[in-house]
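I have placed the structure first, in the form of structure tokens, so that the comments after it can refer back to it.
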């Protein structure tokens with residue numbers, strides 16, 4: 001009996017070591033995985049804020065983010081920012097945001113994002129809040145939004161992992177180009 005318990009414990013340990021890594025704040029619903037949720041801090045008196053994340057669809061059919069809500073805002077809209085004739089435009093997405101099958105969609109500054117409207121209080125760096133996302137197929141799920149600095153470009157841990165890696169131009173500068181033909 002003692003030997004079989006050690007065997008089970010060992011097998012469990014090995015399974016944990018080879019399991020696909022997920023972050024503690026990743027949320028799964030059906031074929032969707034929501035990761036790296038975050039929001040930017042807002043100045044005192046601001047009535048709007050932005051929420052960001054990555055949504056991955058591992059399924060064989062598309063799904064759509066159709067609505068969102070949170071207790072920190074009176075209303076949440078799904079927005080898109082785009083450039084048109086040199087002018088940045090922001091607009092709500094009518095009908096939601098499609099997450100194609102087998103693809104990821106990133107909500108981030110300057111692109112798709114959640115717009116928290118009629119904020120009930122400023123979003124303070126270092127705090128966090130939760131929100132509910134509703135998908136056409138996957139249904140409702142709750143995600144966490146840690147609040148980063150006013151000018152943040154991504155969640156802290158994602159930005160740290162990016163800074164730990166060399167960028168593609170840096171890698172190219174370290175490559176041996178002596179045998180290239182011009």
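The values are calculated or read from the model by the stated rules, or taken from the named source; none is laboratory data. What you see is a predicted model, and the numbers here were worked out from it, not measured in a lab. Virtual Cβ from ideal backbone geometry, glycine too; neighbours counted across all protein chains shown.
Here are a few things to note about the model shown:
- Filtering 81, 90 for residues that are farther than 22 Å from residue 130 by Cα and surrounded by 14 or more Cβ atoms within 10 Å (Cβ to Cβ) leaves a single hit, 81.
- Which numbered condition residue 127 misses (of (1) closer than 27 Å to residue 28 by Cβ; (2) surrounded by 14 or more Cβ atoms within 10 Å (Cβ to Cβ); (3) touching a residue at least 24 places away in the same chain (Cβ under 8 Å)): (3)
Conditions (1) at pLDDT 95 or above; (2) touching a helix residue (DSSP H, G or I) at 6+ places or on another chain (Cβ under 7 Å); (3) surrounded by fewer than 18 Cβ atoms within 10 Å (Cβ to Cβ); (4) in a strand (DSSP E or B), marked per residue:
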| residue | (1), (2), (3), (4) |
| --- | --- |
| 61 | yes, no, yes, no |
| 77 | yes, no, yes, yes |
| 106 | yes, no, yes, yes |
| 133 | yes, no, no, yes |
